[in-house]
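What follows is a single structure, written as structure tokens, with notes after it.
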Amino acid sequence: MTQSASHAITMSDREFQAISDIAYKEAGLVFMPEKVSLVQSRINRRLRQLKINSFSDYTAFVQSEQGIAERKAMISSLTTNVSNFFRESHHFDILKEKVFPNLLSRAHAGGRVRLWSAGCSTGQEPYSIAMTLLDFAPDAPTMDIKILATDIDPNVISTAKQGFYETGALNELCESFQDQFTETAENGRKSGFRMTPVIRSMVSFRELNLLSQWPFSGNFDVTFCRNVVIYFDEATQMSLWPRFESVTAPDGWLFLGHSERFSERLETKFVTNGATAYQRAAHTDTRNLK
Ligand SMILES: C[S@@+](CC[C@H](N)C(=O)[O-])C[C@H]1O[C@@H](n2cnc3c(N)ncnc32)[C@H](O)[C@@H]1O
């Protein structure tokens with residue numbers, strides 16, 4: 001089908017399937033048929049930008065050698081990047097109460113601490129971890145503690161690095177954190193706030209597709225992978241759990257989103273230690289997670 005400049009093209013079932021297949025192969029994203037209008041409107045935007053007049057031309061382009069960059073742009077346009085500061089706040093209580101006391105005593109003794117926000121979107125999650133950490137231990141930046149934050153989408157990584165958010169997001173932070181960790185800022189015509197330099201310096205942002213090879217061997221003490229695998233099917237989730245386990249330090253933690261669970265069929269060293277919070281049991285036998 002073709003379009004005039006201002007009209008959206010309707011996506012056929014076959015075209016929807018072709019786009020969905022690419023999204024699944026590239027990023028593990030699953031789009032059920034009821035998502036056709038969402039996929040249609042997001043890909044229509046790509047068509048208009050590229051001045052391509054049909055979905056079949058677009059899929060052919062995306063699958064060609066010249067289409068590698070567009071494949072990434074297509075995945076970016078299809079990802080859902082909603083995030084908030086201190087989303088699912090009970091996880092940050094667990095950090096303060098159960099996780100940081102041990103990690104910080106190790107760091108104070110000269111040990112290394114590594115945290116990972118996998119699927120970090122526009123940065124609210126890793127910055128919330130950094131604020132919680134700095135509030136808990138104001139000398140944290142002087143120790144060997146690093147927060148890695150990754151996402152498949154280069155657009156959200158670029159936003160996250162800037163650490164700028166519009167004023168509306170300020171009320172996601174308590175007054176004390178607003179005062180300590182943000183400064184008033186403008187970005188173009190948008191007014192808002194920026195995370196302070198010390199908070200920004202605690203987080204390193206990188207582009208990473210969770211389905212690809214991970215460029216680290218791990219030993220993460222804490223991994224947040226929240227509201228990411230919800231877009232994957234069970235096969236992809238099942239392939240990821242052992243990988244998360246293998247990059248988690250003994251006694252390390254994995255936090256998932258509220259509607260995400262390990263499969264009960266999985267043999268794992270992770271045991272539940274809080275709502276959607278899992279701790280790798282260093283000294284117990286592998287068991288089925290309940
Ligand atoms: C809804 S956001 C979650 C953000 C944050 N973790 C939170 O809970 O607020 C989901 C993020 O997962 C990312 N994502 C989707 N598929 C991915 C993949 N294959 N590899 C890495 N990140 C992916 C998306 O780009 C998006 O930014």
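The values are calculated or read from the model by the stated rules, or taken from the named source; none is laboratory data. This structure is a prediction, so every number in the text was calculated from the model and none was measured. Virtual Cβ from ideal backbone geometry, glycine too; neighbours counted across all protein chains shown.
One table, with the values for the structure above:
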| quantity | calculated |
| --- | --- |
| Matching residues in the stretch 74-91 - criterion: being small (Gly, Ala, Ser) and more than 10 Å from the ligand (Cβ to nearest atom) | 77, 89 |
| Some residue of the stretch 259-269 being farther than 25 Å from residue 140 by Cβ, β-branched (Val, Ile, Thr) and in contact with a helix residue (DSSP H, G or I) (Cβ under 9 Å, 6 or more places away or on another chain) | yes |
| Within the stretch 237-254, tally of residues that are within 12 Å of the ligand (Cβ to nearest atom) and touching a strand residue (DSSP E or B) at 6+ places or on another chain (Cβ under 9 Å) | 1 |
| Residue check for residue 85: aromatic (Phe, Trp, Tyr), under 27 Å from residue 193 (Cβ atoms) and not assigned by TED's automatic domain parsing to the domain that holds residue 169 | yes |
| Options 91, 108: the member that is loosely packed, with under 14 Cβ neighbours inside 10 Å and of a type outside the set (A, V, I, L, M, F, W, C) | 108 |
| Test set (1) in contact with a strand residue (DSSP E or B) (Cβ under 9 Å, 6 or more places away or on another chain); (2) in a loop (DSSP other than H, G, I, E, B); (3) modelled with pLDDT under 95 - residue 271 fails condition number | (2) |
| Inter-residue pairs, beta-carbon under 6 Å, first under 17 Å from residue 79 (Cα atoms) and in the stretch 206-222, second assigned to a loop (DSSP other than H, G, I, E, B), 6+ apart | 209/152; 211/28 |
| Residue count for the stretch 189-205, restricted to those that are under 30 Å from residue 233 (Cα atoms) and touching a residue at least 60 places away in the same chain (Cβ under 8 Å) | 2 |
| Complete set of residues in the stretch 223-268 that are aromatic (Phe, Trp, Tyr) and within 16 Å of residue 152 (Cα to Cα) | 224, 231, 232 |
